[in-house]
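Comments concern the structure below.
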Amino acid sequence: MSEAARVQAVIAAGLTRPELITRWMADPGELDRHGLAGRDLDLAAIAKFAGLGMKVRHNGLRAVLPCSFRLLKRARIEIELFAAYARHVSSGGAPLGATNLERARGLAGFFETWRDVRDPLHGLIGDSLQNEIAVLELRSAPPVPEEGAAPLGRGSVVASSILGVRGRLLLRELRFAPQVIAAASVDADDAPLPEAPAETHLLGYWQAPACEDVELLELDALGWAVLTRLDGARSLDEVAHAVTGRPATDVFLGLVSPLVELGMASARRPGQPSP
Amino acid sequence: MVHRRTRVGLAFGPGAVDLVEAQPDLVDYLEMPFEQLRHAPALLATQDRAPLILHCASLSVAGFVNTPDAVVEAIARTCALTETPWLGEHLAFISAEALDADIDPGAAPTQLTYTVSPAYNEAVLERVADNLRRYSARLDVPIILENPPLYFAAPGSTMGQADFIRELASATGVGLILDLSHLMISAYNMGAEAESEVDRLPLENVVEVHMSGHSLQSGVMWDDHAVTAPESEFRLLDRVLDRVRPEAVTLEYNWDAFPPAVVRKHLARVHDLVAR
């Protein structure tokens, strides 16, 4: 191998396997074995360049994670983040996913381990990723087919009724409301960041049967607790016990009934087959 | 004095075809990556909307690993299918010998996903000239080469990028893509002035100009086709147009979906500048 080819071989190896750069930084003698002893190779710059390559490989996610990418740019952490991610993947981390959803999940999972928890902008980005990936997840699969009419009509929800979610529902707990995240993503870089509220936002991402659209529902603590337990197997009495420690009261049933009336949940009596 | 008309085009990316469909006179051509067509041949149908100019990142003209025959054949076929007037390629490498190729000659070359600027020296100059001869013989259209962005100085460089390109142009007569964003990035990262670097290039060889954005992160200027070209880049285009009339100017706004109004505005600005 000529000297010029050797230089390219080392740079290419560092870019495709950034963990090598970490090793070369720790032990420059390793580079000697590749014939670059004493050569002025800017390893830190090559490591960052690997971040650019990784960033470009995620360009396909921009359309489905627009706010997250705008916030990454606003935070000016794209290169550092993707350089660290490239190092992580090449060090034996999970390989990049084949689909947008898998790739987005991989990036979000890594971001949570990498981000500075004291930095509010990083917090916004983490929430933004969760929010946009929830929507992506629901839209990535065909909507569930229409189940037909709910076995029980309006006003007929009783303590023994068994409720199940119609369509698909994802529950997420975010510090920032999605509309706050969206606004921050289009603000000027030097605009003040939104204050993190004291309480988290409990959100439901609901896709009705045979429907592409995803509805975003802001939930209260009771709604969250109930929806996490609507599995199509437990009765409302059991759900009420789990949530309140008591059997389902009329008040509880009155609070849950709108889920059926809005079409979010289907109800059946015990012994009645699931739709 | 009569100038030939400089064509104005848009790199293929999210929203590009929709823009052209909505306003067919918006651009004179779409610039299409060979790699995109290879993986999605149906995109060839975009030439019903606008003529195509083929761009490529597969020939590795500054590399020491020969591009597989099958790839060169595919490029030649795609050139013919697209009726591209030239093949735009990067003055860079995208594959390199395996790190341990000396020990294991059978080791597969390292394949990159992003083109990398080579060291600038006589050995690489010769290699680029050889590669140009070899690959040009296989194609029916000329290869033109694009200045890559410099993020670090490769060991073994004995000259700067502008000197290297000037020597290459002198030795081979190769046409050039002058990527103004890459030039500004290289100048910033290497501590030079973009204007003086432009003046040192063989502008008479420039066939096509590229424009896109760049961003500053971690103390380094980076290529960024997800942001628009800054005002300073339009001034640089103006400076180039004062001296030469390239055949084409391409906006590479192709890493993200830009608001259509922004793309139209920037294309109109380029149209105005080249029509001066």
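The values are calculated or read from the model by the stated rules, or taken from the named source; none is laboratory data. Here the structure is a predicted model, which is why all the values come from computation and not from measurement. Glycine gets a Cβ as well: all are built from the backbone with ideal geometry, and neighbour counts include every protein chain shown.
Out of all the residues in region B:69-122, which are outside any loop (DSSP other than H, G, I, E, B), among the hydroxyl-bearing types (Ser, Thr, Tyr) and more than 9 Å from chain A (Cβ to nearest Cβ)?
As a first pass, look at region B:69-122 and keep what is outside any loop (DSSP other than H, G, I, E, B): B:69-82, B:87-90, B:93-96, B:110-116, B:122.
Checking which are among the hydroxyl-bearing types (Ser, Thr, Tyr) leaves us with B:78, B:82, B:95, B:110, B:113-115.
Within region B:69-122, B:Thr78, B:Thr82, B:Thr115 qualify.
Going by what's in this entry, would A:Leu81 be described as touching a residue at least 12 places away in the same chain (Cβ under 8 Å), of a type outside the set (S, T, N, Q) and in a helix (DSSP H, G or I)?
Values: touching a residue at least 12 places away in the same chain (Cβ under 8 Å): yes; of a type outside the set (S, T, N, Q): yes; in a helix (DSSP H, G or I): yes.
It is true that A:Leu81 is touching a residue at least 12 places away in the same chain (Cβ under 8 Å), of a type outside the set (S, T, N, Q) and in a helix (DSSP H, G or I).
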Among B:Leu168, B:Leu125, the single one that is crowded, with 23+ Cβ neighbours inside 10 Å, part of a helix (DSSP H, G or I) and modelled with pLDDT of 95 or more is B:Leu168
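Is region A:52-72 home to any residue that is over 29 Å from B:Pro259 (Cβ atoms) and at the interface with chain B (Cβ under 7 Å from one of its Cβ atoms)?
Within region A:52-72, the first condition is being over 29 Å from B:Pro259 (Cβ atoms), and the residues that meet it are none.
No.
Report yes if some residue within region B:182-193 is part of a strand (DSSP E or B), within 20 Å of A:Lys73 (Cα to Cα), in contact (Cβ under 8 Å) with a residue 12 or more places away in the chain and within 14 Å of chain A (Cβ to nearest Cβ); otherwise report no. Spell out how you get there, then give the answer.
First, pick out the residues of region B:182-193 that are part of a strand (DSSP E or B): none.
No, the conditions are met nowhere in region B:182-193.
Does region B:30-44 contain any residue that is under 23 Å from A:Glu3 (Cα atoms), within 14 Å of chain A (Cβ to nearest Cβ) and assigned to a loop (DSSP other than H, G, I, E, B)? Lay out the reasoning, then the answer.
Initial filter on region B:30-44 (under 23 Å from A:Glu3 (Cα atoms)): none.
No: zero hits.
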Note: among B:Thr115, B:Thr82, just one is touching a Pro at 6+ places or on another chain (Cβ under 7 Å) and hydroxyl-bearing (Ser, Thr, Tyr), namely B:Thr115
Just wondering, is there one or more residues in region A:101-114 that are closer than 26 Å to A:Arg76 by Cα, of a type in the set (Asp, Glu), assigned to a loop (DSSP other than H, G, I, E, B) and free of Cβ contacts under 8 Å to residues at least 24 places away in the same chain? no
On the given criteria, is A:Glu215 among the charged types (D, E, K, R) and within 24 Å of A:Glu146 (Cα to Cα)? yes
Of the residues in region B:213-251, those that are over 20 Å from B:Leu145 (Cα atoms) and among the hydroxyl-bearing types (Ser, Thr, Tyr) come to B:Ser215, B:Ser218, B:Thr228, B:Ser232
